[in-house]
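Okay, structure first, notes after.
The values are calculated or read from the model by the stated rules, or taken from the named source; none is laboratory data. These numbers were taken from a predicted model, which means no experiment stands behind them. FYI the Cβ positions are ideal-geometry reconstructions off the backbone, even for glycines, and counts take in every protein chain you see.
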Amino acid sequence: MQEDIPKLPDAEKLLDEFPTGLLVTSLTGTILKVNATFCTWLGMEREELVGKKRLQELFTMGGRIFHQTHWLPTLQMQGSLSEVKLDVRHRDGHTLPMMLNAIRRITAAGSYDVISMVVAEERNKYERELLLARKRADELVVKEREVQATLQVTQARLRQALRLGNLFLWDVDTATGTRRYEDDVARLLGFASPRPVDDALYAAAVEPADRDGERRAMDCALGRTEEVSNCTYRLNGVDGMQRTVVSSGHGFYNEDGTLAYFVGVLSDITEATLERARARDRALFAEQMVGIVSHDLRNPLSAILTGAKVLAHGETAPARLRVLGHVTNSATRAHRLIEELLDFTLARVGRGLTVSPAVLDLHALVAGIVDELRLAFPGRTIVHHAEGERECTADADRVAQLLGNLVGNAMAYGEPGSVVTVQSKREAQRASLSVHNWGEPIPQDMQASLFEPMVRGDPGEGAGRSVGLGLFIVRAIALAHHGDVRVSSSRAAGTTFSFDFPADG
């Protein structure tokens, strides 16, 4: 079928009505020729433009600067310019965004520039939307980074809390039903550092006797919605250590009842379990100490009863007086033994020694105690030095007990006949007592365990018998006063036990 070809306008009319603005300008920008399309876009007549305006006069200020700094130099050097976007002023003052292309024609008759322009309103709108979209995208990226940073901080805090609480995370793969463990769980299995732990490796570490109970608890949790799995069992680590853990888990389900995800936490309660066991041992030990007291007091109390019967006859013969001396010594020994064992039992069962602190004159209290100790150790020299302020807060009876034990220890283990020095001192917010004696130094390897029960050196011949609780009770008294007791010992400086505590209680 032959196409009907319409009658076409001549070239001049075609260019005049071409849907693109066409201009011819001089090298300086004076408009020499312009088509009707461009005139219509600007709302101006051809006569207002041709020979009367230069192209750059139709631009905004920014366009004029561009024309001077880029347009003219580029045409001069390259002879053409393409896809330049500039705003062109309409007759009524508003601007039209346009895309410009220019080419310089150099002929024998003269040179001129040919320029085509296209209104770029839609493109401008698209570019603005693109810029807005990019700006929004950049803002979202910034917010995403902020959220990621916040999430990282939150995760770090969570991991720190989990680490401090000896807690470890695990979950369930809903597709396979297998459990997945974080790498830190490897530490519960005895590994020195985190490493991947799969379900098989973990299951193999569960104590065989505990496996059925652990599996039943898990199956129960997976089989019911809103059911929490909570089970205590033991893990046998590759390091040979057995740990006790509490495994807690909770499933979250979809509306159709299928498992969406399951989150679990492992809590290491090994130390708490051991502490409970130690508490039971302390209680048992306290009961055993009651038996020790009953056994060790049998002979002293028998001597007291026998002496009491003899004295009942009212005889005053020298032999009777010797019996009275035995009664007194046995009663003193029994009383001291009872007090030490009772204090020791209180400290061992975890309650600690009881104290009744009150404001007192530290130097006067110590001076009085030293006077009593001089009577208890006739023939030995005990010197008291006081330094600093006098007032402090302490339990006078417990301080007397502490000094009595330390001075008795110095008498038993120090050099016979040497001076024992007691110092009371108050400075700033601290108060202290110390007892110094000369003699063989305490071995360095023994000093670390010196304040443990049943630990004592060899007092040599003539020293009073002891159950080895004196220094243990000294430390318990120090702790009850929120203080501490230390020892330093050498051949050159002698041995000094120091008790330091807050002066104001």
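How many residues are part of a loop (DSSP other than H, G, I, E, B), of a type in the set (A, V, I, L, M) and free of Cβ contacts under 8 Å to residues at least 40 places away in the same chain if we restrict to the stretch 11-53?
Total meeting the criteria: 1.
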Quiz prompt | Criterion violated by Val293 - all others in (1) modelled with pLDDT of 75 or more; (2) surrounded by 14 or more Cβ atoms within 10 Å (Cβ to Cβ) satisfied | solution = (1)
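A quick yes/no check of all residues on (1) farther than 26 Å from Thr74 by Cα; (2) in contact with a Gly (Cβ under 9 Å, 6 or more places away or on another chain); (3) not charged (D, E, K, R):
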residue: Gly21; (1), (2), (3): no, no, yes
residue: Ser26; (1), (2), (3): no, yes, yes
residue: Asn35; (1), (2), (3): no, yes, yes
residue: Phe38; (1), (2), (3): no, yes, yes
residue: Trp41; (1), (2), (3): yes, yes, yes
residue: Arg54; (1), (2), (3): no, yes, no
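Look at Gly264 and say whether it is under 26 Å from the mean Cα position of the chain (by Cα), part of a strand (DSSP E or B) and more than 22 Å from Gly190 (Cβ to Cβ). Spell out the reasoning first.
On the way: under 26 Å from the mean Cα position of the chain (by Cα): yes; part of a strand (DSSP E or B): yes; more than 22 Å from Gly190 (Cβ to Cβ): no.
No.
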Practice problem: Scan the stretch 212-222 for residues that are more than 20 Å from Tyr261 (Cβ to Cβ) and surrounded by fewer than 16 Cβ atoms within 10 Å (Cβ to Cβ) and jot them down. | Solution: Asp212, Gly213, Arg215, Arg216
Quiz item: Among the residues of the stretch 448-482, which ones are surrounded by 19 or more Cβ atoms within 10 Å (Cβ to Cβ), farther than 12 Å from Leu406 by Cβ and either modelled with pLDDT of 90 or more or aromatic (Phe, Trp, Tyr) (or both)?
Solution: Phe472, His481
Self-check item: Residue list for the stretch 130-163, filter: closer than 30 Å to Asp183 by Cα, more than 17 Å from the chain's Cα centre (by Cα) and of a type in the set (Lys, Arg)
Solution: Arg145
Quiz item: Which of (1) surrounded by 15 or more Cβ atoms within 10 Å (Cβ to Cβ); (2) touching a Leu at 6+ places or on another chain (Cβ under 8 Å); (3) not in a helix (DSSP H, G or I) is the odd one out, the single condition Leu8 does not satisfy?
Solution: (1)
Quiz item: Is it the case that the stretch 257-269 has a residue that's acidic (Asp, Glu) and loosely packed, with under 15 Cβ neighbours inside 10 Å?
Solution: no
Quiz item: Among Arg486, Arg491, which is farther than 29 Å from Gln429 by Cα, modelled with pLDDT of 90 or more and charged (D, E, K, R)?
Solution: Arg491
Quiz item: So is Asp219 assigned by TED's automatic domain parsing to the domain that holds Thr258, at pLDDT below 85, of a type in the set (D, E, K, R) and in a helix (DSSP H, G or I) or not?
Solution: yes
Practice problem: Go through the stretch 95-146 residue by residue and tally those that are closer than 19 Å to Gly29 by Cα and of a type in the set (Val, Ile, Thr). | Solution: 6
Exercise. For Ala209, work out the one condition from (1) surrounded by 14 or more Cβ atoms within 10 Å (Cβ to Cβ); (2) at pLDDT 90 or above; (3) closer than 30 Å to Glu271 by Cβ it doesn't fulfil.
Key: (1)
Quiz item: So which residues in the stretch 183-215 are within 13 Å of Val246 (Cα to Cα), over 32 Å from the mean Cα position of the chain (by Cα) and either outside the structural domain of Ser229 (by TED's automatic domain parsing) or not acidic (Asp, Glu) (or both)?
Solution: Gly213
Self-check item: Some residue of the stretch 119-140 being closer than 19 Å to Leu75 by Cα and in contact (Cβ under 8 Å) with a residue 60 or more places away in the chain
Solution: no
Quiz item: Are any of the residues in the stretch 9-20 over 15 Å from Val119 (Cβ atoms) and at pLDDT 90 or above?
Solution: no
Quiz prompt | Output for the stretch 63-121, where each listed residue is touching a Lys or Arg at 6+ places or on another chain (Cβ under 9 Å) and hydroxyl-bearing (Ser, Thr, Tyr) | solution = Ser80, Thr95, Ser111, Tyr112
Quiz prompt | Selection within the stretch 336-387 - in contact with a helix residue (DSSP H, G or I) (Cβ under 9 Å, 6 or more places away or on another chain), assigned to a loop (DSSP other than H, G, I, E, B), at pLDDT 85 or above and among the small types (Gly, Ala, Ser) | solution = Ser356
